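Visitor: After the structure tokens below, expect a handful of questions from me.
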Amino acid sequence: MGSEGSSLKILFFPFMAQGHILPMVDMAKLFAARGVRATILTTPANARLVGPSIKRPNEFEYKYPIELSLIPYPSAAVGLPEGCENVSSLPPTETSCDDFFVGCAMMRDAFDRVVRRLAPDCVVTDMFFPWTCDVASELGVPRLVFHGFSLFALSVYASLGCYKALKTLPADEESFVIPGIPHRITMLRSQVADFGTSKGEMAKVVKQMNEADGKDFGVLVNSFYELEPDYVEHYRNVVGRRAWCIGPLSLCNSDIVEKSGRGNTTSVSQDGCLNWLDGKSAGSVVYVCFGSMSNFSNAQMHEIASGLEASNYSFILVVRKDGDDWLPNGFEERVKEKGLIIRGWAPQILILNHTAVGGFLTHCGWNSSLEGISAGLPLITWPLFAEQFYNERLIVCVLKIGVSVGVTEYRVIPEERLVVGATEIEKAVSSVMGDDEEAEERRERARELGEAAKRAVDEGGSSYSDLDSLIQELMAMK
Ligand code: UDP
């Protein structure tokens, strides 16, 4: 496969959270498939999350296998348990997130040494490592930044002043029109985080992100032109950033082992899961998963279970909770035919692409959203925090392929969230999975976007060509 980038060397450095590692590993795979010498930089505990997904193509596909470069994460120095090197393993203390970011910033010297040793032609680093911008510039290496956001979300952040204080917005619960973007989209003030008021290490990182913004060589985006053309143009021409859309990145996982081994060891056997789905009719199952780290209170889980039970549809429910306190009495026995509960890690892209799945109840993390879109599915949207509320607006208002469960508040801590009742959940599920005219039209739009996603990454497609032009530009700069 491709030799156009064969003399290019690129270093990829993802932030240590699944939602950041997975797309950046996929990105490294895309470059490797074009003959680029790709190295993924991470820490020892995260290496096992990367290995399974690159093993087969490294052996059989790439001219230059993807290399792993490991640097230590200073867990002990920041008071985190030994081996705690990923956001998903942070202890539930008030300071652990800040501590984690302090540890990240302490990796600067190690990053500097790796860049000097490897002498890459370019580094692709996560937005949460803004200090890599300075290191790259000191060493004269172009830095491409990866936020992991949609172009819609990047445009909204730019319009609201990036991560600065949101001084101009109305008070909580009032709705406002997002200023200066191509569509008239309203949101509630309570759905938007005010990074300007965050404190501690997070505030420092946010400040550095603002300072680094615009100083990079450009932005790599996990999206495709046909999905959000107005926002590609807006981001490039109005916000004024160089951006290459090279997604959906997850589509680079062609093989069943790559799909199911992506990110973690799955908590169900691949065969068990596929056999269960094989027994269901086309489009009859709703897949429910809230990403790699989000959790809910027991009360909310109880409502989710009850809402799914009340719906007429089969479901796969992915649960990231110890214990069964949340289960309604007798629930598992009653739903044993129509429900599959996966406790832990699900082979998400394998499930989403099974013909039995007809809808996806998602927290609107961008990876999950785009994976659902790539599978041609309509979505039920349940944003919690980060840029998820913006993604919901894109899905529901711009793309018109989703129905919201109606969350009104940005909340990170599960116990602080208002509980969404079983009735509202059942209503949103039925509206997406149903067969009235509106549902059929939504389904048709989703199906068309799924096809457009696949065309975008095929040879000659928009994402394929964007990646080509980036490789050519980097080659010319050598
Ligand atoms: N994922 C998975 N199995 C799970 C949960 C999540 O494979 O049980 C993957 C999912 O396919 C996606 C990523 O983890 O690629 C989650 O990223 P997203 O941006 O959706 O959410 P985050 O976890 O960052 O909140």
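Visitor: Look at Val407 and say whether it is among the β-branched types (Val, Ile, Thr), modelled with pLDDT of 95 or more, touching a Lys or Arg at 6+ places or on another chain (Cβ under 9 Å) and part of a loop (DSSP other than H, G, I, E, B).
Guide: On the way: among the β-branched types (Val, Ile, Thr): yes; modelled with pLDDT of 95 or more: yes; touching a Lys or Arg at 6+ places or on another chain (Cβ under 9 Å): yes; part of a loop (DSSP other than H, G, I, E, B): yes.
Yes, satisfied.
Visitor: Within segment 359-398, can you find the residues that are touching a Lys or Arg at 6+ places or on another chain (Cβ under 8 Å) and closer than 25 Å to Ser284 by Cβ?
Guide: Ser374, Gly376, Pro378
Visitor: Determine which single condition Thr93 fails, assuming it passes every other condition in (1) at pLDDT below 95; (2) of a type outside the set (A, V, I, L, M, F, W, C); (3) under 30 Å from Leu169 (Cβ atoms).
Guide: (3)
Let's see how each residue does on (1) surrounded by fewer than 17 Cβ atoms within 10 Å (Cβ to Cβ); (2) more than 25 Å from Leu11 (Cα to Cα):
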site	(1), (2)
Ile185	no, yes
Leu188	no, yes
Lys207	yes, no
Tyr231	no, yes
Cys245	no, no
Leu249	no, no
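Visitor: Could you say whether any residue in segment 411-428 is over 25 Å from Trp326 (Cα atoms) and surrounded by 15 or more Cβ atoms within 10 Å (Cβ to Cβ)?
Guide: As a first pass, look at segment 411-428 and keep what is over 25 Å from Trp326 (Cα atoms): none.
The answer is no; no qualifying residue exists.
Visitor: Here is a follow-up. Looking at segment 252-309, which of its residues are away from the ligand (no atom under 16 Å from the Cβ), over 16 Å from Ala422 (Cα atoms) and either touching a Ser or Thr at 6+ places or on another chain (Cβ under 7 Å) or assigned to a helix (DSSP H, G or I) (or both)? Spell out how you get there, then give the answer.
Guide: Of all residues in segment 252-309, those away from the ligand (no atom under 16 Å from the Cβ) come to 271, 275, 278-284, 297-300, 302-303, 305-309.
Now narrow it down to the ones that are over 16 Å from Ala422 (Cα atoms): 271, 275, 278-284.
Within segment 252-309, Asp271, Asn275, Asp278, Lys280, Ala282, Ser284 meet the criteria.
Visitor: Taking interchain pairs and intrachain pairs at least six residues apart, which have beta carbon atoms under 9 angstrom, with the first residue in segment 287-300 and of a type in the set (Phe, Trp, Tyr) and the second within 11 Å of the ligand (Cβ to nearest atom) and assigned to a helix (DSSP H, G or I)?
Guide: Tyr287/Gln348; Tyr287/Ile351; Tyr287/Leu352; Tyr287/Gly372; Phe290/Ser368
Visitor: Considering only residues that are in contact (Cβ under 8 Å) with a residue 60 or more places away in the chain and outside any loop (DSSP other than H, G, I, E, B), which ones fall in segment 373-396?
Guide: Answer for segment 373-396, where residues must be in contact (Cβ under 8 Å) with a residue 60 or more places away in the chain and outside any loop (DSSP other than H, G, I, E, B): Ile373, Ser374, Leu379, Ile380, Phe389, Tyr390, Asn391, Arg393, Leu394.
Visitor: So for segment 198-217 (the condition being of a type in the set (Val, Ile, Thr) and in a loop (DSSP other than H, G, I, E, B)), does at least one residue qualify?
Guide: In the first step, residues of segment 198-217 are kept if they are of a type in the set (Val, Ile, Thr); the result is 205-206.
Still in the running and in a loop (DSSP other than H, G, I, E, B): none.
Taking every residue of segment 198-217 in turn, none turns out to be of a type in the set (Val, Ile, Thr) and in a loop (DSSP other than H, G, I, E, B).
Visitor: Looking at segment 355-370, is at least one residue more than 22 Å from Arg417 (Cβ to Cβ), free of Cβ contacts under 8 Å to residues at least 40 places away in the same chain and in contact with an Asp or Glu (Cβ under 9 Å, 6 or more places away or on another chain)?
Guide: Looking through segment 355-370, none of the residues is more than 22 Å from Arg417 (Cβ to Cβ), free of Cβ contacts under 8 Å to residues at least 40 places away in the same chain and in contact with an Asp or Glu (Cβ under 9 Å, 6 or more places away or on another chain).
Visitor: In segment 357-371, how many are farther than 18 Å from Glu440 by Cβ, of a type outside the set (S, T, N, Q) and either within 11 Å of the ligand (Cβ to nearest atom) or in a loop (DSSP other than H, G, I, E, B) (or both)?
Guide: Filtering segment 357-371 for residues farther than 18 Å from Glu440 by Cβ gives 361-371.
Those still in the list that are of a type outside the set (S, T, N, Q) too: 361, 363-366, 370-371.
From the residues that got through so far, the ones that are either within 11 Å of the ligand (Cβ to nearest atom) or in a loop (DSSP other than H, G, I, E, B) (or both) too are 363-366, 370-371.
Here the count works out to 6.
Visitor: Another one. If we keep just the residues of segment 340-356 that are within 16 Å of the ligand (Cβ to nearest atom) and of a type in the set (Gly, Ala, Ser), which is farthest from Val257 (Cα to Cα)? Show your work before the answer.
Guide: Going residue by residue through segment 340-356, those that are within 16 Å of the ligand (Cβ to nearest atom) are 340-354.
Those left that are additionally of a type in the set (Gly, Ala, Ser): 344, 346.
Details: Gly344: 18, Ala346: 13 Å.
Among those that are within 16 Å of the ligand (Cβ to nearest atom) and of a type in the set (Gly, Ala, Ser), it is Gly344.
Visitor: Something else: For the condition out of contact with any Cys (no Cβ under 6 Å at 6 or more places or on another chain), hydrophobic (A, V, I, L, M, F, W, C) and modelled with pLDDT under 95, what is the one hit in Ile401, Ile413?
Guide: On the way: Ile401 fails: modelled with pLDDT under 95.
Checking each option against the conditions leaves just Ile413.
Visitor: If Pro74 satisfies all but one of (1) part of a loop (DSSP other than H, G, I, E, B); (2) within 27 Å of Glu371 (Cα to Cα), what's the number of the condition it fails?
Guide: For Pro74, the failing item is (2).
Visitor: Looking at the structure I just gave you, is Glu426 closer than 27 Å to Leu274 by Cα, part of a helix (DSSP H, G or I) and either touching a helix residue (DSSP H, G or I) at 6+ places or on another chain (Cβ under 6 Å) or not basic (Lys, Arg) (or both)? Let's see the steps before the verdict.
Guide: Numbers: closer than 27 Å to Leu274 by Cα: yes; part of a helix (DSSP H, G or I): yes; either touching a helix residue (DSSP H, G or I) at 6+ places or on another chain (Cβ under 6 Å) or not basic (Lys, Arg) (or both): yes.
For Glu426, the condition - closer than 27 Å to Leu274 by Cα, part of a helix (DSSP H, G or I) and either touching a helix residue (DSSP H, G or I) at 6+ places or on another chain (Cβ under 6 Å) or not basic (Lys, Arg) (or both) - is met.
Visitor: Pro65 - would you say it is out of contact with any Leu (no Cβ under 6 Å at 6 or more places or on another chain) and either over 20 Å from Glu258 (Cβ atoms) or not hydroxyl-bearing (Ser, Thr, Tyr) (or both)? Quick ask: steps written out before the conclusion?
Guide: Details: out of contact with any Leu (no Cβ under 6 Å at 6 or more places or on another chain): yes; either over 20 Å from Glu258 (Cβ atoms) or not hydroxyl-bearing (Ser, Thr, Tyr) (or both): yes.
Yes.
The values are calculated or read from the model by the stated rules, or taken from the named source; none is laboratory data. All of these numbers come straight from a predicted model, not from anything done at the bench. As a convention, Cβ positions derive from the backbone with ideal geometry for all residues, glycine included, and neighbour counts pool all protein chains shown.
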